[in-house]
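The values are calculated or read from the model by the stated rules, or taken from the named source; none is laboratory data. Predicted model, so just to flag it, every value in this text is computed and none were measured. Methodologically, a virtual Cβ is constructed for each residue, glycine included, from the backbone with ideal geometry; neighbour enumeration extends over all protein chains shown. All accessible areas refer to the heavy atoms of the entire protein, side chains included, with ligands and DNA or RNA removed. Shrake-Rupley method; radii C 1.70, N 1.55, O 1.52, S 1.80 Å.
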Amino acid sequence: QVQLVESGGGLVQAGGSLRLSCAATGLPRYYTMGWFRQAPGKEREFVAATTWNGGTTYYADSAQGRFTISRDNAKNMVYLQMNSLKPEDTANYYCAATGGSGRYSPKAYDYWGQGTQVTVSS
């Protein structure tokens, strides 16, 4: 049974940092892992993704240069280090996994976690 469990969200001031974690169980290691976010009243949007060995990473323009995705396959963990946070980064952040070739669309992902809330105050 596949399970993705996020943690690490919280309240932070603008300019601060947070590190989100995703514990993945029951997944084949070749799966690509991604992070998405969804703010109230908005569609779920892509943030970052990493291939199975972490060799290739993908970022949304809004995340490029501020966020870093990484994974530790030995621990079945995926991380999203978020620096220089802005109020517009406020959203519920989701960990997701795909066995396909898609990266950017939520529809490409097969499994999802429950999300962790990130709130950035100005």
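What to note about this one:
- Within the range 30-122, the proportion of C-alpha pairs whose separation exceeds 19 Å stands at 34%.
- The residues neighbouring residue 82, those whose beta-carbon lies less than 12 Å from its own, together hold a net charge of +3 under the Lys/Arg +1, Asp/Glu -1 convention.
- Using a probe of 1.4 Å on the protein chains alone, the accessible area found for residue 75 is around 130 Å².
- Inter-part distance where the range 58-88 and the range 92-120 are each reduced to a Cα centre, Å: 13
- Note on residue 75: lysines with a C-alpha under 28 Å away, same-chain residues under 8 apart excluded, are 107.
- Global size of the range 1-76: 13.2, 38 Å for Rg and Dmax (C-alpha atoms, Rg to one decimal, Dmax whole).
- Theoretical FRET efficiency, 1/(1+(r/R0)^6), r = Cβ-Cβ of residue 101 and residue 60, R0 22 Å, to 0.05: 0.75
- DSSP-loop GluC sites (Glu not before Pro) across the range 1-102, with at most 15 other Cβ within 10 angstrom: 43
- On full extension, the segment bounded by residue 86 and residue 39 gains 15.6 nm, given 0.36 nm per residue less the C-alpha separation.
- HN-Hα J in Hz across the range 81-96 - Karplus 6.51, -1.76, 1.60, θ = phi - 60°, x for Gly and Pro: 8, 10, 10, 6, 5, 10, x, 6, 7, 4, 4, 8, 9, 10, 8, 9
- Protein heavy-atom accessible surface, 1.4 Å probe, per residue over the chain: 52 Å².
- In sequence order, calculated HN-Hα J values of the range 41-55 (Karplus, 6.51, -1.76, 1.60; Hz; x Gly/Pro): x, 10, 6, 5, 10, 5, 10, 6, 8, 9, 6, 4, 9, x, x
- By average C-beta atoms within 10 angstrom, highest first, the peptides 18-24, 92-98: 92-98, 18-24
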